[in-house]
Amino acid sequence: MNSPFALALHGGAGTISPALMTPAKEQAYQQALRAALSRGYAVLAGGGAALDAVEQAVRSLEDEPLFNAGRGAVFTHEGHHEMDAAIMDGRNRAAGAVAGARAVQNPIRAARLVMEHTDHVLLAWPGADALAQEHGLPTQPAEYFFTQHRYDQLQEALQEGRMRLDHSQALPTDEDPKRKMGTVGAVARDQHGHLAAATSTGGMTNKRYSRIGDSPIIGSGTFADDRTCAISCTGHGEFFLRAVVAHDISCLMEYRGLSLAEACRIVVHDKLAPIGGEGGLVAVDAAGNVALPFNSEGMYRASQTSHGAAAPYVAIYK
Ligand code: ASP
């Protein structure tokens, strides 16, 4: 089969600069991104479904404590982990999402359960974990999700008295609350021409009142439609919600016939940036073109396609 296939993923966007990184840390990020890419890409290369590829890539990133998703998720104001995730199937716009999950080891698997085993799209808080447990997904005690640096970030955020985007494991904090962002996500086009998107996050450090970001909201942080594109976002969720980022890109392609690159540029730079929305996204279109736009200083990202350069691409800075 000669149909092109492609995978792109992210591990968060924000003020990520070489000055805030050590060589060892940078290497650890690169390795983690590469590992997730190869796990998802192997699914596509073997003729598998885009849906499976994005799930596998995101699971790999969720299991890696470097990223703010699954193990390594940030802390809420009260010192818990409340994880959000969404997955969408471009074939039929089926979608599933969870918000505020505290125990399921891989929130992206719970999101897929919602899509495939319920009549619903979004389940929140105890219900999300209950569904996961009912279907035998592994759950973990709070200690599993604990990482010291996330805990330290919460203490700093509590002192500052504000919610922070603390999703990377960059070096010691400075005064800029937006210095660090994160979240993980993946998009894919498979050999059968189908698209899928998946996103998973711990949200924002010091979040409270059961705050939910853009990641589990279909059309804002996550979207897929075979006719246009698949998108997974990362950045300050409130702005991505207000700009309805992922669906807006799809609409520009569907209604105005724009290319993926042009639609992404308009939304990320002309619409999101002016309202203060810092971040980025990974995207793939129906032809297998990939776009990795961001308006922040950096974005942990990786992609690989069966066409073009074909070699894995991994990058962090602009
Ligand atoms: N968008 C996520 C949220 O606001 C965070 C992120 O992508 O870093 O929950």
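Radius of gyration over Kirkwood radius for the chain, both on Cα atoms: the Rg/Rh ratio is 0.94. If you take every DSSP beta bridge fully contained in segment 172-318, what fraction is antiparallel? Give it as a percent rounded to 5. If we restrict to bridges inside segment 172-318, about 95 percent are antiparallel. Taking A28, A124, A36 as the candidate residues, the one with maximal mean-square fluctuation in a Gaussian network model of the chain, Cα springs under 10 Å, is A28.
Over segment 1-102, what relative contact order in percent results from Cα pairs under 8 Å that are six or more residues apart?
Numbers: 108 pairs, mean separation 18.0, N = 102.
Relative contact order comes out at 18 percent.
Counting beta carbons within 10 Å around each of C229, C251 and listing the fewest first gives the order C251, C229. The distance linking segment 225-256 with segment 104-140 is 24 Å (Cα centroid to Cα centroid, whole angstrom).
For the modelled label position 7 Å from the Cα of E26 along Cα-to-Cβ, which residues of segment 280-318 have backbone nitrogen atoms closer than 13 Å? Those under the cut-off are 315-318.
Restricting to bridges with both residues inside the chain, how much of the DSSP beta-bridge set is antiparallel, in percent to the nearest 5?
On the way: 49 of 54 bridges.
In the chain, approximately 90 percent of DSSP beta bridges are antiparallel ones.
Listed by Cβ neighbour count within 10 Å, with the fewest neighbours leading, M83, M115, M253, M204 appear as M115, M253, M204, M83.
Checking the a/c ratio against 1.5 first, then a/b against b/c, what shape does the Cα gyration tensor give for segment 250-310?
Working: a/c = 3.25, a/b = 1.22, b/c = 2.67.
Oblate shape, in that a/c is at least 1.5 and b/c is the bigger or equal ratio.
What shape does segment 35-143 take by its C-alpha gyration tensor, where a ≥ b ≥ c are the square roots of the eigenvalues and a/c under 1.5 counts as rounded, a/b above b/c as prolate, and the rest as oblate? Show your work: numbers first, answer last.
Details: a/c = 2.14, a/b = 1.27, b/c = 1.69.
Since a/c reaches 1.5 but b/c is at least a/b, the shape of segment 35-143 is classed as oblate.
Here the residues L258, L66, ranked from fewest to most Cβ neighbours within 10 Å of their Cβ, fall in the order L258, L66.
Report the net charge of residues surrounding Q191, where surrounding means a beta-carbon distance below 15 angstrom and charges are Lys +1, Arg +1, Asp -1, Glu -1.
Numbers: positive: R91, R189; negative: D52, D190, D226.
Taking every Cβ under 15 Å from that of Q191, the sum is -1.
Arranged from highest to lowest average of other beta-carbon atoms within 10 Å per residue, in what order do the peptides 69-75, 303-309 appear?
Working: 69-75: 28.4, 303-309: 17.9.
Averaged packing, sorted descending, gives the order 69-75, 303-309.
GNM on the chain, C-alpha springs below 10 Å: top fluctuator among D214, D84, D152? Of D214, D84, D152, the most mobile in the Gaussian network model is D152.
Available extension along the chain between A261 and A309 is 15.5 nm, counting 0.36 nm per residue and deducting the alpha carbon span.
Between R208 and A42, the simple spin-label model (points 7 angstrom out along Cα→Cβ) gives 4.5 nm.
We did not get these values from a lab; they are worked out from the coordinates using the rules stated. Not measured: the values here are computed from a predicted model. Don't worry about glycine lacking a Cβ; one is built from the backbone with ideal geometry, like all the others, and counts go over all protein chains shown.
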